[in-house]
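Report on the structure given below.
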Amino acid sequence: MATMTTDVLIVGGGLVGVSTAAALVSYGVRRVVVAERDTVASGATGKSSGVVRCHYGVPELAAMAWWSLARFENAMDVFGADVGFHQVGYVVAVNASNESPLRANVALHRKLGIDVDLIGASELRALWPGIATDDLSLAAYEPRGGYGDAYSLATAQAKRARAAGAVIQQFMAVRELRTTADGSRVTGAVFGDGTEVAAGTVIVAAGPWSVGLVAAAGVGLPIRTQREMVLLVEPRSRLSRMVPVFSDLVDLQYSRPERSGQLLVGNSDHTSPEYVDPDRYDNGASPAYLESAVNKIAGRFPVLADAALASSYAGIYDVTPDYNPVIGSVGPEGLLVAAGFSGHGFKIAPAVGEMVASAVVGGDSPVPGAALDVFTLSRFAEQRPLVSRHPYAGAGEMR
Ligand SMILES: Cc1cc2nc3c(=O)[nH]c(=O)nc-3n(C[C@H](O)[C@H](O)[C@H](O)COP(=O)(O)OP(=O)(O)OC[C@H]3O[C@@H](n4cnc5c(N)ncnc54)[C@H](O)[C@@H]3O)c2cc1C
(Lines give C-alpha, C1' and ligand atoms only; values in the text may rest on other atoms or scores of the structure.)
Protein backbone atom coordinates (compact mmCIF):
# COMPACT_ATOMS: atom_id res chain seq x y z
CA MET A 1 0.00 0.00 0.00
CA ALA A 2 1.32 3.44 -0.91
CA THR A 3 2.30 5.65 1.99
CA MET A 4 3.13 9.29 2.45
CA THR A 5 4.27 11.41 5.36
CA THR A 6 3.40 14.96 6.27
CA ASP A 7 3.69 17.23 9.29
CA VAL A 8 0.07 18.37 9.15
CA LEU A 9 -2.86 16.74 7.37
CA ILE A 10 -5.96 18.91 6.93
CA VAL A 11 -9.16 17.05 6.09
CA GLY A 12 -11.45 19.24 3.99
CA GLY A 13 -10.66 21.83 1.35
CA GLY A 14 -13.38 24.29 2.31
CA LEU A 15 -12.58 27.84 3.29
CA VAL A 16 -11.50 26.83 6.80
CA GLY A 17 -9.19 24.03 5.64
CA VAL A 18 -7.40 26.04 2.97
CA SER A 19 -7.17 29.17 5.15
CA THR A 20 -5.49 27.06 7.82
CA ALA A 21 -3.13 25.57 5.24
CA ALA A 22 -2.14 29.02 3.95
CA ALA A 23 -1.45 30.21 7.49
CA LEU A 24 0.51 27.08 8.43
CA VAL A 25 2.94 27.41 5.54
CA SER A 26 3.37 31.11 6.31
CA TYR A 27 4.35 30.07 9.87
CA GLY A 28 7.09 27.88 8.44
CA VAL A 29 5.45 24.47 8.67
CA ARG A 30 7.11 22.68 5.78
CA ARG A 31 4.86 19.78 4.95
CA VAL A 32 1.14 20.47 4.84
CA VAL A 33 -1.36 18.32 2.95
CA VAL A 34 -5.02 19.26 2.41
CA ALA A 35 -7.18 16.31 1.39
CA GLU A 36 -10.45 17.37 -0.24
CA ARG A 37 -12.83 14.66 -1.36
CA ASP A 38 -14.23 16.81 -4.19
CA THR A 39 -12.90 20.20 -5.28
CA VAL A 40 -11.85 23.19 -3.19
CA ALA A 41 -14.95 25.09 -1.98
CA SER A 42 -17.38 22.42 -3.17
CA GLY A 43 -19.10 22.29 0.26
CA ALA A 44 -20.84 25.08 2.16
CA THR A 45 -18.18 27.53 1.03
CA GLY A 46 -19.33 27.49 -2.60
CA LYS A 47 -22.84 28.53 -1.59
CA SER A 48 -22.01 31.16 1.00
CA SER A 49 -23.80 34.50 0.93
CA GLY A 50 -20.50 36.01 2.02
CA VAL A 51 -21.90 38.60 4.42
CA VAL A 52 -19.16 40.51 6.25
CA ARG A 53 -20.16 42.15 9.54
CA CYS A 54 -18.76 42.38 13.05
CA HIS A 55 -22.12 42.34 14.79
CA TYR A 56 -21.67 39.58 17.37
CA GLY A 57 -22.56 39.50 21.05
CA VAL A 58 -19.67 37.06 21.60
CA PRO A 59 -16.70 39.45 21.89
CA GLU A 60 -14.21 36.92 20.49
CA LEU A 61 -16.28 36.52 17.32
CA ALA A 62 -16.64 40.28 16.94
CA ALA A 63 -12.86 40.63 17.34
CA MET A 64 -12.22 37.87 14.78
CA ALA A 65 -14.61 39.45 12.29
CA TRP A 66 -13.00 42.85 12.80
CA TRP A 67 -9.50 41.42 12.33
CA SER A 68 -10.64 39.57 9.19
CA LEU A 69 -12.35 42.68 7.81
CA ALA A 70 -9.00 44.47 7.61
CA ARG A 71 -7.77 41.54 5.48
CA PHE A 72 -10.79 41.75 3.16
CA GLU A 73 -10.09 45.44 2.72
CA ASN A 74 -6.54 44.64 1.63
CA ALA A 75 -7.32 41.46 -0.23
CA MET A 76 -4.80 41.91 -3.05
CA ASP A 77 -1.94 42.34 -0.58
CA VAL A 78 -3.05 39.69 1.90
CA PHE A 79 -4.60 37.00 -0.29
CA GLY A 80 -3.01 37.92 -3.62
CA ALA A 81 -6.42 38.07 -5.29
CA ASP A 82 -9.63 40.02 -5.57
CA VAL A 83 -12.01 38.13 -3.27
CA GLY A 84 -15.07 40.04 -4.43
CA PHE A 85 -15.29 42.22 -1.35
CA HIS A 86 -17.88 44.96 -1.83
CA GLN A 87 -17.92 47.47 0.98
CA VAL A 88 -21.56 48.45 0.73
CA GLY A 89 -21.98 48.65 4.52
CA TYR A 90 -23.96 46.47 6.90
CA VAL A 91 -27.15 47.33 8.77
CA VAL A 92 -28.90 45.30 11.46
CA ALA A 93 -32.31 46.64 12.39
CA VAL A 94 -34.63 45.89 15.32
CA ASN A 95 -37.95 46.93 16.78
CA ALA A 96 -38.52 48.33 20.27
CA SER A 97 -38.31 44.90 21.92
CA ASN A 98 -34.69 44.47 20.88
CA GLU A 99 -33.38 48.02 21.24
CA SER A 100 -31.69 47.28 24.53
CA PRO A 101 -29.50 44.37 23.29
CA LEU A 102 -28.72 46.36 20.13
CA ARG A 103 -27.42 49.28 22.16
CA ALA A 104 -25.45 46.94 24.44
CA ASN A 105 -23.89 45.12 21.48
CA VAL A 106 -22.90 48.38 19.82
CA ALA A 107 -21.27 49.54 23.07
CA LEU A 108 -19.36 46.24 23.18
CA HIS A 109 -18.23 46.69 19.58
CA ARG A 110 -17.06 50.23 20.18
CA LYS A 111 -14.91 48.98 23.07
CA LEU A 112 -13.30 46.57 20.61
CA GLY A 113 -12.61 49.48 18.24
CA ILE A 114 -15.20 48.42 15.67
CA ASP A 115 -16.49 51.17 13.43
CA VAL A 116 -20.26 51.18 14.11
CA ASP A 117 -23.04 53.73 14.60
CA LEU A 118 -26.58 53.62 15.86
CA ILE A 119 -28.99 55.01 13.29
CA GLY A 120 -32.70 55.74 13.17
CA ALA A 121 -35.32 55.08 10.53
CA SER A 122 -34.66 58.19 8.46
CA GLU A 123 -30.93 57.43 8.18
CA LEU A 124 -31.81 53.86 7.24
CA ARG A 125 -34.12 55.12 4.49
CA ALA A 126 -31.29 57.27 3.17
CA LEU A 127 -29.04 54.21 2.95
CA TRP A 128 -31.74 51.91 1.50
CA PRO A 129 -34.07 54.13 -0.56
CA GLY A 130 -37.63 52.83 -0.47
CA ILE A 131 -37.26 50.52 2.52
CA ALA A 132 -40.32 50.33 4.81
CA THR A 133 -39.35 51.25 8.35
CA ASP A 134 -42.73 51.50 10.16
CA ASP A 135 -41.97 48.47 12.37
CA LEU A 136 -38.24 49.24 12.86
CA SER A 137 -37.10 51.51 15.65
CA LEU A 138 -33.31 51.35 15.68
CA ALA A 139 -30.41 49.98 13.66
CA ALA A 140 -26.66 49.53 13.88
CA TYR A 141 -24.68 50.57 10.83
CA GLU A 142 -21.20 49.27 10.07
CA PRO A 143 -19.94 51.39 7.15
CA ARG A 144 -17.00 49.04 6.60
CA GLY A 145 -19.16 45.89 6.33
CA GLY A 146 -20.39 44.38 3.10
CA TYR A 147 -20.04 41.07 1.34
CA GLY A 148 -17.38 38.98 -0.31
CA ASP A 149 -17.07 35.89 -2.45
CA ALA A 150 -16.28 32.79 -0.41
CA TYR A 151 -15.38 30.74 -3.48
CA SER A 152 -12.83 33.33 -4.61
CA LEU A 153 -11.37 33.58 -1.13
CA ALA A 154 -11.04 29.79 -0.82
CA THR A 155 -9.36 29.40 -4.19
CA ALA A 156 -7.03 32.31 -3.38
CA GLN A 157 -6.08 30.72 -0.04
CA ALA A 158 -5.52 27.35 -1.73
CA LYS A 159 -3.32 29.01 -4.34
CA ARG A 160 -1.32 30.83 -1.65
CA ALA A 161 -0.85 27.63 0.31
CA ARG A 162 0.19 25.67 -2.76
CA ALA A 163 2.62 28.37 -3.90
CA ALA A 164 4.35 28.14 -0.50
CA GLY A 165 4.68 24.36 -0.69
CA ALA A 166 1.44 22.87 0.63
CA VAL A 167 -0.14 19.99 -1.27
CA ILE A 168 -3.81 20.56 -2.06
CA GLN A 169 -5.04 17.14 -3.02
CA GLN A 170 -8.48 17.33 -4.65
CA PHE A 171 -10.72 14.29 -5.25
CA MET A 172 -9.03 12.63 -2.31
CA ALA A 173 -11.40 11.61 0.47
CA VAL A 174 -10.11 10.67 3.86
CA ARG A 175 -11.70 7.32 4.67
CA GLU A 176 -10.64 7.17 8.31
CA LEU A 177 -8.29 8.61 10.86
CA ARG A 178 -5.51 6.49 12.34
CA THR A 179 -4.45 6.51 15.99
CA THR A 180 -2.00 4.56 18.12
CA ALA A 181 -3.33 1.19 19.36
CA ASP A 182 -4.29 2.70 22.71
CA GLY A 183 -6.03 5.61 20.98
CA SER A 184 -3.97 8.20 22.81
CA ARG A 185 -2.39 9.84 19.76
CA VAL A 186 -3.42 10.47 16.17
CA THR A 187 -0.94 9.06 13.67
CA GLY A 188 -2.48 10.01 10.33
CA ALA A 189 -5.24 8.78 8.10
CA VAL A 190 -6.07 6.51 5.23
CA PHE A 191 -7.37 7.94 1.97
CA GLY A 192 -10.20 6.50 -0.06
CA ASP A 193 -7.76 4.93 -2.51
CA GLY A 194 -6.01 3.09 0.30
CA THR A 195 -3.01 5.41 0.55
CA GLU A 196 -1.78 5.64 4.14
CA VAL A 197 -0.71 9.08 5.25
CA ALA A 198 1.35 9.49 8.40
CA ALA A 199 0.91 12.87 10.11
CA GLY A 200 1.94 14.28 13.47
CA THR A 201 -1.06 16.62 13.45
CA VAL A 202 -4.46 16.10 11.84
CA ILE A 203 -6.93 18.98 11.53
CA VAL A 204 -10.47 17.99 10.64
CA ALA A 205 -12.17 20.88 8.85
CA ALA A 206 -14.79 18.90 7.01
CA GLY A 207 -17.97 20.77 7.93
CA PRO A 208 -20.79 18.39 8.90
CA TRP A 209 -18.77 15.45 7.62
CA SER A 210 -16.33 16.02 10.50
CA VAL A 211 -18.73 14.18 12.82
CA GLY A 212 -18.20 10.74 11.26
CA LEU A 213 -14.47 11.27 10.84
CA VAL A 214 -13.70 12.04 14.48
CA ALA A 215 -16.23 9.56 15.88
CA ALA A 216 -13.80 6.75 15.03
CA ALA A 217 -11.24 8.49 17.25
CA GLY A 218 -13.73 8.50 20.12
CA VAL A 219 -14.83 12.13 19.74
CA GLY A 220 -18.51 13.04 19.71
CA LEU A 221 -19.19 16.28 17.86
CA PRO A 222 -22.67 17.75 18.39
CA ILE A 223 -23.01 19.01 14.82
CA ARG A 224 -26.14 18.69 12.71
CA THR A 225 -26.78 19.67 9.13
CA GLN A 226 -29.36 22.41 8.62
CA ARG A 227 -30.69 23.21 5.16
CA GLU A 228 -31.01 26.90 4.30
CA MET A 229 -32.61 28.37 1.21
CA VAL A 230 -31.45 31.43 -0.70
CA LEU A 231 -33.36 33.46 -3.28
CA LEU A 232 -32.11 35.76 -6.00
CA VAL A 233 -34.61 38.46 -6.82
CA GLU A 234 -34.65 40.42 -10.07
CA PRO A 235 -36.04 43.93 -9.53
CA ARG A 236 -38.14 45.34 -12.37
CA SER A 237 -36.74 48.76 -11.74
CA ARG A 238 -33.07 49.44 -11.24
CA LEU A 239 -31.80 48.66 -7.75
CA SER A 240 -28.72 50.46 -6.50
CA ARG A 241 -25.80 48.11 -6.24
CA MET A 242 -24.78 50.11 -3.21
CA VAL A 243 -27.68 49.32 -0.89
CA PRO A 244 -26.17 47.89 2.30
CA VAL A 245 -26.34 44.32 3.47
CA PHE A 246 -29.49 44.35 5.57
CA SER A 247 -30.11 42.09 8.55
CA ASP A 248 -33.75 42.33 9.49
CA LEU A 249 -34.31 41.11 13.04
CA VAL A 250 -38.05 41.78 12.82
CA ASP A 251 -38.81 39.74 9.70
CA LEU A 252 -35.82 37.42 10.39
CA GLN A 253 -34.45 37.74 6.88
CA TYR A 254 -31.21 39.10 5.45
CA SER A 255 -30.52 40.59 2.04
CA ARG A 256 -27.70 42.04 0.08
CA PRO A 257 -27.15 43.41 -3.41
CA GLU A 258 -25.48 41.40 -6.14
CA ARG A 259 -23.16 42.98 -8.68
CA SER A 260 -25.70 41.94 -11.31
CA GLY A 261 -28.26 44.30 -9.77
CA GLN A 262 -30.24 41.43 -8.24
CA LEU A 263 -30.97 41.13 -4.53
CA LEU A 264 -29.85 38.02 -2.65
CA VAL A 265 -32.24 37.09 0.16
CA GLY A 266 -31.66 34.56 2.94
CA ASN A 267 -33.34 33.27 6.05
CA SER A 268 -32.54 34.22 9.65
CA ASP A 269 -35.44 32.39 11.30
CA HIS A 270 -34.06 29.31 13.02
CA THR A 271 -37.08 28.44 15.12
CA SER A 272 -37.89 25.31 13.04
CA PRO A 273 -34.64 24.11 11.48
CA GLU A 274 -34.80 21.58 8.68
CA TYR A 275 -32.15 18.94 9.41
CA VAL A 276 -30.96 16.99 6.39
CA ASP A 277 -28.38 14.48 5.20
CA PRO A 278 -25.44 16.59 3.91
CA ASP A 279 -25.01 14.19 0.99
CA ARG A 280 -28.67 14.19 -0.05
CA TYR A 281 -30.66 17.37 0.30
CA ASP A 282 -33.06 19.30 -1.88
CA ASN A 283 -31.24 22.10 -3.70
CA GLY A 284 -34.34 24.21 -4.33
CA ALA A 285 -36.59 26.51 -2.34
CA SER A 286 -39.77 24.92 -1.00
CA PRO A 287 -43.11 26.54 -1.98
CA ALA A 288 -43.84 27.38 1.69
CA TYR A 289 -40.49 29.14 2.12
CA LEU A 290 -40.90 30.96 -1.17
CA GLU A 291 -44.29 32.28 -0.18
CA SER A 292 -43.13 33.47 3.22
CA ALA A 293 -39.89 35.02 1.90
CA VAL A 294 -41.63 36.79 -0.98
CA ASN A 295 -44.21 38.28 1.41
CA LYS A 296 -41.44 39.55 3.68
CA ILE A 297 -39.55 41.04 0.72
CA ALA A 298 -42.65 42.81 -0.59
CA GLY A 299 -43.41 44.17 2.89
CA ARG A 300 -39.90 45.41 3.66
CA PHE A 301 -38.99 46.60 0.18
CA PRO A 302 -42.16 47.97 -1.50
CA VAL A 303 -40.00 48.98 -4.49
CA LEU A 304 -39.59 45.24 -5.14
CA ALA A 305 -43.30 44.43 -5.02
CA ASP A 306 -43.32 43.59 -8.73
CA ALA A 307 -39.89 41.95 -8.79
CA ALA A 308 -39.37 38.49 -10.25
CA LEU A 309 -37.67 35.48 -8.75
CA ALA A 310 -34.46 34.93 -10.73
CA SER A 311 -33.38 31.71 -9.04
CA SER A 312 -33.15 29.84 -5.78
CA TYR A 313 -30.87 27.28 -4.22
CA ALA A 314 -30.17 25.66 -0.88
CA GLY A 315 -27.00 25.14 1.09
CA ILE A 316 -26.15 23.53 4.38
CA TYR A 317 -25.07 24.91 7.73
CA ASP A 318 -23.07 22.64 10.07
CA VAL A 319 -24.81 23.72 13.25
CA THR A 320 -23.83 23.14 16.87
CA PRO A 321 -26.30 23.53 19.75
CA ASP A 322 -25.11 27.11 20.40
CA TYR A 323 -24.64 28.01 16.72
CA ASN A 324 -20.94 28.61 17.24
CA PRO A 325 -18.00 26.55 15.98
CA VAL A 326 -15.85 23.98 17.68
CA ILE A 327 -12.19 24.91 17.20
CA GLY A 328 -9.21 23.34 18.92
CA SER A 329 -7.78 20.08 20.20
CA VAL A 330 -10.11 17.13 20.72
CA GLY A 331 -9.62 13.49 21.74
CA PRO A 332 -6.25 11.92 20.94
CA GLU A 333 -3.14 14.05 21.07
CA GLY A 334 -2.41 15.70 17.74
CA LEU A 335 -6.05 15.89 16.61
CA LEU A 336 -7.78 19.25 16.11
CA VAL A 337 -11.21 20.15 14.80
CA ALA A 338 -12.40 23.34 13.12
CA ALA A 339 -16.03 22.73 12.24
CA GLY A 340 -19.59 23.63 13.14
CA PHE A 341 -19.43 27.17 11.78
CA SER A 342 -23.23 27.22 11.84
CA GLY A 343 -23.75 29.44 8.80
CA HIS A 344 -21.35 32.25 9.74
CA GLY A 345 -17.84 31.02 9.01
CA PHE A 346 -16.98 33.12 5.97
CA LYS A 347 -16.42 36.48 7.65
CA ILE A 348 -14.16 35.00 10.35
CA ALA A 349 -12.29 32.45 8.20
CA PRO A 350 -9.09 34.52 7.78
CA ALA A 351 -8.81 34.79 11.58
CA VAL A 352 -9.72 31.13 12.14
CA GLY A 353 -7.00 29.92 9.76
CA GLU A 354 -4.35 32.02 11.51
CA MET A 355 -5.53 31.07 15.00
CA VAL A 356 -5.55 27.34 14.27
CA ALA A 357 -2.14 27.51 12.58
CA SER A 358 -0.70 29.47 15.49
CA ALA A 359 -2.05 26.89 17.95
CA VAL A 360 -0.42 24.09 15.95
CA VAL A 361 3.00 25.74 16.15
CA GLY A 362 2.51 26.53 19.84
CA GLY A 363 1.98 30.27 19.48
CA ASP A 364 -0.54 32.63 21.02
CA SER A 365 -3.59 33.82 19.15
CA PRO A 366 -2.59 36.41 16.55
CA VAL A 367 -6.03 38.01 16.86
CA PRO A 368 -6.27 40.60 19.65
CA GLY A 369 -9.18 39.86 21.96
CA ALA A 370 -9.79 36.34 20.68
CA ALA A 371 -8.29 33.14 22.08
CA LEU A 372 -9.32 29.70 20.85
CA ASP A 373 -10.32 28.48 24.32
CA VAL A 374 -13.89 29.73 24.08
CA PHE A 375 -14.52 27.42 21.11
CA THR A 376 -13.59 24.28 23.03
CA LEU A 377 -15.74 21.19 22.50
CA SER A 378 -15.94 20.61 26.25
CA ARG A 379 -18.26 23.61 26.64
CA PHE A 380 -21.21 21.45 25.64
CA ALA A 381 -20.55 18.68 28.20
CA GLU A 382 -19.89 21.36 30.81
CA GLN A 383 -23.11 23.14 29.86
CA ARG A 384 -21.33 26.41 29.19
CA PRO A 385 -22.64 27.23 25.72
CA LEU A 386 -20.94 30.05 23.86
CA VAL A 387 -23.74 32.57 23.60
CA SER A 388 -24.16 36.27 23.04
CA ARG A 389 -23.73 38.56 26.04
CA HIS A 390 -26.70 40.55 24.76
CA PRO A 391 -28.98 38.12 22.90
CA TYR A 392 -31.85 39.28 20.72
CA ALA A 393 -35.31 38.06 21.65
CA GLY A 394 -36.41 35.72 18.87
CA ALA A 395 -33.14 36.02 16.95
CA GLY A 396 -30.46 34.74 19.28
CA GLU A 397 -28.45 32.63 16.88
CA MET A 398 -25.35 33.69 14.96
CA ARG A 399 -24.92 37.13 16.42
C1 LIG B 1 -26.32 29.26 2.04
C2 LIG B 1 -25.17 29.69 2.91
C3 LIG B 1 -25.01 31.03 3.21
C4 LIG B 1 -23.97 31.44 4.04
N5 LIG B 1 -23.79 32.76 4.27
C6 LIG B 1 -22.78 33.19 5.05
C7 LIG B 1 -22.56 34.57 5.26
O8 LIG B 1 -23.30 35.40 4.73
N9 LIG B 1 -21.53 34.96 6.05
C10 LIG B 1 -20.72 34.06 6.67
O11 LIG B 1 -19.82 34.46 7.42
N12 LIG B 1 -20.88 32.73 6.47
C13 LIG B 1 -21.88 32.29 5.67
N14 LIG B 1 -22.07 30.95 5.46
C15 LIG B 1 -21.21 30.00 6.16
C16 LIG B 1 -19.85 29.86 5.52
O17 LIG B 1 -19.96 29.84 4.13
C18 LIG B 1 -19.24 28.57 6.03
O19 LIG B 1 -19.22 28.60 7.46
C20 LIG B 1 -17.85 28.33 5.54
O21 LIG B 1 -17.73 28.46 4.15
C22 LIG B 1 -17.54 26.89 5.95
O23 LIG B 1 -16.34 26.49 5.48
P24 LIG B 1 -15.81 25.07 5.93
O25 LIG B 1 -14.46 24.94 5.34
O26 LIG B 1 -15.95 24.88 7.39
O27 LIG B 1 -16.83 24.00 5.31
P28 LIG B 1 -17.05 23.47 3.84
O29 LIG B 1 -16.96 24.54 2.83
O30 LIG B 1 -18.32 22.67 3.87
O31 LIG B 1 -15.82 22.51 3.61
C32 LIG B 1 -15.74 21.20 4.12
C33 LIG B 1 -15.07 20.37 3.03
O34 LIG B 1 -14.77 19.07 3.54
C35 LIG B 1 -14.84 18.18 2.46
N36 LIG B 1 -14.92 16.82 3.00
C37 LIG B 1 -15.97 16.24 3.62
N38 LIG B 1 -15.66 14.99 3.98
C39 LIG B 1 -14.39 14.76 3.57
C40 LIG B 1 -13.52 13.65 3.64
N41 LIG B 1 -13.90 12.49 4.23
N42 LIG B 1 -12.29 13.73 3.11
C43 LIG B 1 -11.88 14.90 2.50
N44 LIG B 1 -12.68 16.01 2.39
C45 LIG B 1 -13.91 15.92 2.94
C46 LIG B 1 -16.09 18.62 1.72
O47 LIG B 1 -16.11 18.15 0.40
C48 LIG B 1 -15.98 20.14 1.82
O49 LIG B 1 -15.38 20.72 0.68
C50 LIG B 1 -23.09 30.50 4.60
C51 LIG B 1 -23.24 29.14 4.30
C52 LIG B 1 -24.27 28.74 3.46
C53 LIG B 1 -24.41 27.29 3.14
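The values are calculated or read from the model by the stated rules, or taken from the named source; none is laboratory data. Everything numeric here is computed off the predicted structure, so don't read it as measured data. Here the Cβ is made from the backbone with ideal geometry for all residues, glycine too, and neighbour counts use every protein chain on show. The area values use the complete protein model at the heavy-atom level, side chains included, leaving out ligands, DNA and RNA. Shrake-Rupley method; radii C 1.70, N 1.55, O 1.52, S 1.80 Å.
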What does the net charge come to around SER26 if you take all other residues with beta carbon closer than 10 Å to its beta carbon, with K and R at +1 and D and E at -1? 0
Compute the signed sum of charges (Lys and Arg +1, Asp and Glu -1) over the other residues within less than 15 Å, Cβ to Cβ, of GLY146. +1
Filtering trypsin sites (Lys or Arg not before Pro) in the stretch 14-75 by DSSP loop and by at most 16 other Cβ atoms within 10 Å leaves ARG30
Tell me which trypsin sites (Lys or Arg not before Pro) from the stretch 248-334 have a DSSP coil assignment and no more than 13 other beta carbons within 10 Å of their own. ARG259
For the chain, what is the mean residue ellipticity at 222 nm derived from helices alone (per DSSP H run of n ≥ 4: -39500 (n - 2.57); sum divided by total residues; nearest 500 deg cm²/dmol)? -7500 deg cm²/dmol
Over the chain, what relative contact order in percent results from Cα pairs under 8 Å that are six or more residues apart? 24 percent
LEU112: net charge of surrounding residues, Cβ under 14 Å, Lys/Arg +1, Asp/Glu -1, itself excluded? +2
GluC sites (Glu not before Pro) in the stretch 345-399 lying in a DSSP loop, each with at most 10 other Cβ atoms within 10 Å of its Cβ, come to GLU382
How are the alpha carbon pair distances in the stretch 16-112 distributed across 10 Å bins from zero to the largest one, expressed in percent? 12, 33, 33, 16, 5, 0
About its Cα centre, what dipole magnitude does the chain give when the only charges are +1 on Lys and Arg Cβ and -1 on Asp and Glu Cβ, stated in debye to the nearest 20? 560 debye
Can you sort ASP306, ASP364 by 1.4 Å-probe accessible area, starting with the largest? ASP364, ASP306
Qualifying lysines (Cα of each under 24 Å from Cα of LYS47; at least 8 residues distant if same chain): LYS159, LYS296, LYS347
Can you bin the stretch 319-375 into rounded, prolate or oblate? Criterion: square roots of the alpha carbon gyration tensor eigenvalues sorted a ≥ b ≥ c, rounded for a/c under 1.5, prolate for a/b above b/c, oblate for the rest. oblate
For the stretch 152-209, what's the radius of gyration and Dmax over Cα atoms, in angstrom? 13.3, 42
Kirkwood hydrodynamic radius of the stretch 53-99, from inverse mean 1/r over distinct Cα pairs, in Å: 12.4 Å
Please compute the per residue accessible area over the chain with all protein chains in place, 1.4 Å probe, rounded to a whole number of Å². 39 Å²
Counting only protein heavy atoms, what percent of the accessible surface of the chain is carbon or sulfur at a 1.4 Å probe? 50 percent
Globularity ratio of the stretch 271-364, using Cα Rg and 2.2 N^0.38 Å: 1.53
Ranked from the most accessible area to the least, with a 1.4 Å probe and all protein chains present, what is the order of ARG236, ARG399? ARG236, ARG399
The stretch 85-238: radius of gyration over Cα atoms, expressed as a fraction of 2.2 N^0.38 Å: 1.56
Find how many whole Å separate the alpha carbon centroid of the stretch 208-229 from the alpha carbon centroid of the stretch 231-287. 25 Å
In the chain the DSSP beta bridges are antiparallel at a rate, in percent to nearest 5, of 70 percent
What's the center-to-center distance, using Cα atoms, between the stretch 105-145 and the stretch 159-180 in Å? 42 Å
Quick tally, 1.4 Å probe accessible area for GLU333, GLU176, sorted with the most first, runs GLU333, GLU176
Calculate the spin-label point distance for ALA96 paired with ALA164, positioning each point 7 Å from the Cα along the beta-carbon direction, and give it in nanometres. 5.3 nm
Test of understanding: extend the Cα→C-beta vector of ALA215 to 7 Å, then name every residue of the stretch 146-175 with backbone N under 17 Å from that spot. 174-175
Rg to Rh quotient for the chain, alpha carbon positions, Kirkwood Rh: 0.97
